[in-house]
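A.B. asks: Just passing along the structure, written as structure tokens.
The values are calculated or read from the model by the stated rules, or taken from the named source; none is laboratory data. Remember, it's a predicted structure, so these values are computed and weren't measured experimentally. Don't worry about glycine lacking a Cβ; one is built from the backbone with ideal geometry, like all the others, and counts go over all protein chains shown.
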Amino acid sequence: MLSFTLKRIAQLIPVFIGATLLVYFLVFATPGDPIAALSGGKPMSDATREALTAQYNLDKPFWVQYGLYLKNLLTFDLGMSFSGQEVSDLLGRAFPVTARLAVLALLIEGIFGILFGVIAGMRKGKLFDSTVLIASLIVIAVPTFVLGFVLQFVIGVKLQWVKPTVSGAATWGELILPALVLGLVSLAYVIRLTRTSVIENKTADYVRTATAKGLSRQRVITVHILRNSLIPVVTFLGADLGSLMGGAIVTEGIFNVPGVGNLLYRAILKGETPTVVAVVGVLVIVFVLANLIVDMLYALLDPRIRYA
Amino acid sequence: MRYSHASKALALSGALALTLSACGGGSSDKPADNNAEGGNASYVVTANTTEPQNGLLPANTNEVGGGRVMDLIFTGLVSYAADGTTQNELAESIETKDSKNYTIKLKKGQTFSDGSPVTSASFVDAWNFGAAAKNAQLNSYFFESIKGFDEVNAAKSTKDKMSGLKIVDDTTFTVELSNPESDFPLRLGYTAFMPLPEAAFKDPKAFGQKPIGNGPYKLTEWNHDVNLKLDVNDKYQGPRAAKNGGIDFKVYQSTESAYNDVMSDTLDVLDQIPPNQLASYQTDLGDRWVNSPYAGNATITIPGYLDHFKQGEEGNLRRAAISRAIDRQLIIDKVYQGGKVKAEDFTAPVLEGYNKDIPGSDVLDFNADEAKKLWAQADEISKWASDAEFTVGYNVDGAGNKEYVEAVVNQLKNNLGINAVAQPFSSFKELRNKVTSHKMTGGFRTGWQADYPSLYNFLGPLFGTGAGSNDGLYSSKEFDAKLSEGLAATDPTEGAKIFNQAQEILFKDLPAIPLWYQAVQGGWSNNVSNVHFGWNGVPLYNEITGK
């Protein structure tokens, strides 16, 4: 198990270098001159332009730029944004916020998704099952930003139960509504995934055996049906953590959450390579680690899976 | 917001000595009413902003997010009142006999918020710092009129002292310009010309994060991407004194969410109504909104380097035809719900000397028949291929650009019968790169926000031969001569008249086709009163009081 874990963590290095190289190149290749955008359409003297271009290494060829970036990275220097801030500071502020948001969303997905999915699966064809199926279909069909705006308007502006936007501190409590919006679509998927899986396992031989042995219904459901049904769900949740962190841009925009999605979006528009690469780099690490955890959970859920 | 065309602040003292009077602007009569209503002067106002793009240094702040904060935490020799007139702040007097050599005297006893004195050196050093190429400040071009700029702003130059700036004593310094420029004193209220304390030059980068200024407010906290907190600066003595207990600027990623915060009284002042609420904000907010023009415009530039559009008879006919084929009012009503004002000239209506009836301005009036006629006349000189595409470029990352450019293109298609196409660019930086390297293959969207309230600011930087923002490479000796003449005038009213004569030339050549003047749509919460917007569309934050 330990050597497996170490091997997987070692894989991080080539994945990280490959991803940053690719992203660095993509930002480099996007058309346009970041310095022209900095001037905002106002005049800029050639001398000033030259000085700025040199300051951000934009006058150097791609490999030199990337090499310099990697060199600085080894000393934990992630570079500077155009606004003169350390990229590490930008990340240090945005990532904890987005992480809180993503974890909350994941909890909502996991707890309610599995709960509703199991109930629906056990009562296949009944009223609860049909209601959940229809509701989840609607949630999947409606775009996130519509859900976000509607919930914000109803709960924040009309009922005034919460403030329409989160404060700068972005506390756990404030993030519940945004997390609900962020996790709602995935929640619908988790419900459907769990439900299908439960229905499949319900008729399996070992469940019939367990019931025949006289085990309580609760034990049959939690230990025999649920545990075996969770593998696809856990796979989905693991992959989803990364998407929740990187893909929260719409939700973050609606609720004004100072997170990673918006940082990345603005950096791409400005052509601010160090920020884009750093954000994507951290997201890559999150993805790899989440997948590692998922793989380890497999072994816990299904004793037949062993890592040598 | 109201604006007047009457000259209020520029007063001539003595024969040729130009002095800026210290009379208050349009809102100076407000505080009395406010006290009668029982306004709360200790209320901390919350307002929306965007994250400043750069450290807060005067010569490096060129966008609204940083600009609105800079204008509150710093004050220059002069400042602008609500109606765009100029009022003295730190300047005791600004005198010139020839619009080329200026003697500037400072009021005594002025200090920065940390107690250090504001002296002639605070200005001279700050301007030299801003101009020097080695410091790579975005606003460096603002100092280009000062003698010696060419030396300090040359590529790889290590010099940082302009020969045109000379300190006489602690409160007096002189400025020599390369050429006479009568509107130089008007510029001095712009952010780039603010003074800096000595502490700033030791580590400008660190200073930009924690600036020490001399304005009505001081910055106490800057939580990046979250908020900027401003406290009242007790040491400020000028005309823009704070009538509230401070301002908390909240950084918003979208105006939509800020709008919802205003609706629920979570945010006090919003300076931009989101496009999707333009139809309903006036009913949503009762009497807590404003819609009025400010000093900015939107134009379409068809560069003179394109075939069929070269400066000359054919190109001018085609540009005039395109201008007359656009029904501006229809677009304003349909796309902007009335949130813009049809352009009548190349400048903006909130400026001193503005004239909406300049001869030749009827080329901006919609007339489809006339447009077709002009286009046909151009065809007689050189035929426009019937399958040729005429493109209008825009950047998709700016809200509303797509809608109006497509509306314009459709009108050209219908009214001129040409194959007009909207040409999207993925980002502002991509569009600007193509524009500034003069590689555009068609027309493109342009616009100008005034840096300081002056007609010249809409003309010189945009249409002067070789000027920094002359995107269409326009060049006219006649126009350049009028500009110089206007700048040399010592009487601002006379200067404005000459600038408007210069515009007559522009109406013939149409180096850019004016579409409409920008207008600000803003709103505020139930918690505040006395919300007014200035000549540049920015709220007068210091005037706002709590209820």
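A.B. asks: In the list B:A82, B:A59, B:A136, B:A132, which residue meets the criterion of being within 25 Å of the chain's Cα centre (by Cα), under 17 Å from B:Y452 (Cβ atoms) and within 14 Å of another protein chain (Cβ to nearest Cβ)?
C.D. replies: B:A59
A.B. asks: Looking for something loosely packed, with under 14 Cβ neighbours inside 10 Å, under 27 Å from B:A298 (Cβ atoms), facing chain B (nearest Cβ under 7 Å) and at pLDDT below 85 - is there at least one such residue anywhere in region A:44-55?
C.D. replies: No; the residues of region A:44-55 include none that is loosely packed, with under 14 Cβ neighbours inside 10 Å, under 27 Å from B:A298 (Cβ atoms), facing chain B (nearest Cβ under 7 Å) and at pLDDT below 85.
A.B. asks: Name the helices (runs of 4 or more DSSP H) wholly inside region A:223-308 in which the number of residues that are within 14 Å of another protein chain (Cβ to nearest Cβ) and either charged (D, E, K, R) or in contact with a helix residue (DSSP H, G or I) (Cβ under 9 Å, 6 or more places away or on another chain) (or both) is 2 or more.
C.D. replies: Details: elements: A:227-246, A:249-255, A:260-270, A:273-301.
Because the criterion is at least 2 residues that are within 14 Å of another protein chain (Cβ to nearest Cβ) and either charged (D, E, K, R) or in contact with a helix residue (DSSP H, G or I) (Cβ under 9 Å, 6 or more places away or on another chain) (or both), the helices (runs of 4 or more DSSP H) in region A:223-308 that meet it are A:249-255, A:260-270, A:273-301.
A.B. asks: Looking at region A:156-166, is at least one residue within 21 Å of A:F112 (Cβ to Cβ), among the hydroxyl-bearing types (S, T, Y) and surrounded by 15 or more Cβ atoms within 10 Å (Cβ to Cβ)?
C.D. replies: no
A.B. asks: Search region B:465-491 for residues being among the hydroxyl-bearing types (S, T, Y) and within 25 Å of B:G447 (Cβ to Cβ), and hand back the single one that is surrounded by the fewest Cβ atoms within 10 Å (Cβ to Cβ).
C.D. replies: Going through region B:465-491, the residues among the hydroxyl-bearing types (S, T, Y) turn out to be B:465, B:469, B:474-476, B:484, B:490.
Still in the running and within 25 Å of B:G447 (Cβ to Cβ): B:465, B:469, B:474-476.
On the way: B:T465: 13, B:S469: 19, B:Y474: 22, B:S475: 17, B:S476: 19.
The residue in question is B:T465.
A.B. asks: If B:N395 passes every condition in (1) exposed (fewer than 15 other Cβ atoms within 10 Å of the Cβ); (2) modelled with pLDDT under 95; (3) more than 9 Å from chain A (Cβ to nearest Cβ); (4) over 19 Å from the mean Cα position of the chain (by Cα) but one, which one does it miss?
C.D. replies: If we test B:N395 against (1) exposed (fewer than 15 other Cβ atoms within 10 Å of the Cβ); (2) modelled with pLDDT under 95; (3) more than 9 Å from chain A (Cβ to nearest Cβ); (4) over 19 Å from the mean Cα position of the chain (by Cα), just (1) comes out false.
A.B. asks: What tally of residues in region B:243-256 results from selecting those that are within 24 Å of B:N54 (Cβ to Cβ), outside any loop (DSSP other than H, G, I, E, B) and either within 14 Å of chain A (Cβ to nearest Cβ) or in contact with a helix residue (DSSP H, G or I) (Cβ under 8 Å, 6 or more places away or on another chain) (or both)?
C.D. replies: 6
Conditions (1) more than 19 Å from A:Q218 (Cα to Cα); (2) within 14 Å of another protein chain (Cβ to nearest Cβ); (3) in contact with a strand residue (DSSP E or B) (Cβ under 6 Å, 6 or more places away or on another chain); (4) not in a helix (DSSP H, G or I), marked per residue:
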position: A:L106; (1), (2), (3), (4): yes, no, no, no
position: A:L115; (1), (2), (3), (4): no, no, no, no
position: A:I119; (1), (2), (3), (4): no, no, no, no
position: A:K124; (1), (2), (3), (4): no, no, no, yes
position: A:F149; (1), (2), (3), (4): yes, yes, no, no
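A.B. asks: I'd like the residue in region B:139-164 that is buried (at least 18 other Cβ atoms within 10 Å of the Cβ) and assigned to a helix (DSSP H, G or I) and, out of all such residues, is modelled with the lowest pLDDT.
C.D. replies: Selected residue: B:Y141.
A.B. asks: A further question on this structure: What number of residues within region B:146-165 satisfy the criterion of being more than 10 Å from every other protein chain (Cβ to nearest Cβ) and within 21 Å of A:G40 (Cα to Cα)?
C.D. replies: So the count comes out to 0.
A.B. asks: Right, something else. Could you list, in sequence order, all residues of region B:474-515 that are of a type in the set (V, I, T) and in contact with a Phe, Trp or Tyr (Cβ under 7 Å, 6 or more places away or on another chain)? Working first, answer last.
C.D. replies: Going through region B:474-515, the residues of a type in the set (V, I, T) turn out to be B:490, B:493, B:498, B:505, B:513.
Passing the criteria: only B:I505.
A.B. asks: Further, regarding this structure: May I ask you to list the residues in region B:210-242 that are away from chain A (no Cβ under 14 Å) and among the aliphatic types (A, V, I, L, M)?
C.D. replies: Result: B:I212, B:L219, B:L230, B:V232, B:A241, B:A242.
Yes/no per residue for (1) away from chain A (no Cβ under 14 Å); (2) in contact with a Cys (Cβ under 6 Å, 6 or more places away or on another chain); (3) among the hydroxyl-bearing types (S, T, Y):
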| residue | (1), (2), (3) |
| --- | --- |
| B:R432 | no, no, no |
| B:S476 | yes, no, yes |
| B:A488 | yes, no, no |
| B:K508 | yes, no, no |
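A.B. asks: Could you tell me which numbered condition A:G110 fails, if it satisfies all but one of (1) part of a loop (DSSP other than H, G, I, E, B); (2) buried (at least 17 other Cβ atoms within 10 Å of the Cβ)?
C.D. replies: A:G110 satisfies every listed condition except (1).
A quick yes/no check of all residues on (1) outside any strand (DSSP E or B); (2) of a type in the set (S, T, N, Q); (3) buried (at least 20 other Cβ atoms within 10 Å of the Cβ):
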| site | (1), (2), (3) |
| --- | --- |
| B:T174 | no, yes, no |
| B:S182 | yes, yes, yes |
| B:D234 | yes, no, no |
| B:A241 | yes, no, no |
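A.B. asks: Quick one: which helices (runs of 4 or more DSSP H) sit completely within region B:269-343 and have at least 2 residues that are at pLDDT 95 or above and under 15 Å from B:K508 (Cα atoms)?
C.D. replies: Filter on region B:269-343 gives B:313-324.
A.B. asks: Does region B:346-367 contain at least one residue that is over 29 Å from the mean Cα position of the chain (by Cα) and at pLDDT 95 or above?
C.D. replies: As a first pass, look at region B:346-367 and keep what is over 29 Å from the mean Cα position of the chain (by Cα): B:367.
Within this subset, residues satisfying the condition of being at pLDDT 95 or above are B:367.
Within region B:346-367 (the criterion being over 29 Å from the mean Cα position of the chain (by Cα) and at pLDDT 95 or above), the answer is yes, since at least one residue qualifies.
A.B. asks: Can you go through A:A188, A:A170 and tell me which one is among the hydrophobic types (A, V, I, L, M, F, W, C) and not in a loop (DSSP other than H, G, I, E, B)?
C.D. replies: Unique residue meeting the criteria: A:A188.
A.B. asks: Got a sec? Which of B:A502, B:A512, B:A496, B:A488 is more than 22 Å from B:D357 (Cα to Cα) and small (G, A, S)?
C.D. replies: B:A488
A.B. asks: Same structure again: Would it be correct to say that B:A420 is small (G, A, S) and buried (at least 22 other Cβ atoms within 10 Å of the Cβ)?
C.D. replies: Criteria met by B:A420.
A.B. asks: Please work out if A:V185 is buried (at least 17 other Cβ atoms within 10 Å of the Cβ) and under 27 Å from A:P232 (Cβ atoms).
C.D. replies: Answer is yes for this residue.
A.B. asks: Which of the residues spanning region A:68-88 are without any contact (Cβ under 8 Å) to a residue 24 or more places away in the chain, within 11 Å of chain B (Cβ to nearest Cβ), within 26 Å of the chain's Cα centre (by Cα) and assigned to a loop (DSSP other than H, G, I, E, B)?
C.D. replies: A:Q85
A.B. asks: Enumerate the pairs (first residue in region B:225-254 and acidic (D, E); second residue anywhere and part of a loop (DSSP other than H, G, I, E, B)) with beta-carbon separation below 6 Å, excluding pairs fewer than 6 apart on the same chain, so at least 6 apart or on different chains.
C.D. replies: B:D225/A:P258; B:D225/B:E51
A.B. asks: Exactly one condition in (1) at pLDDT 90 or above; (2) within 14 Å of chain B (Cβ to nearest Cβ); (3) assigned to a helix (DSSP H, G or I); (4) farther than 27 Å from A:V288 by Cα is not met by A:R208; state its number.
C.D. replies: (2)
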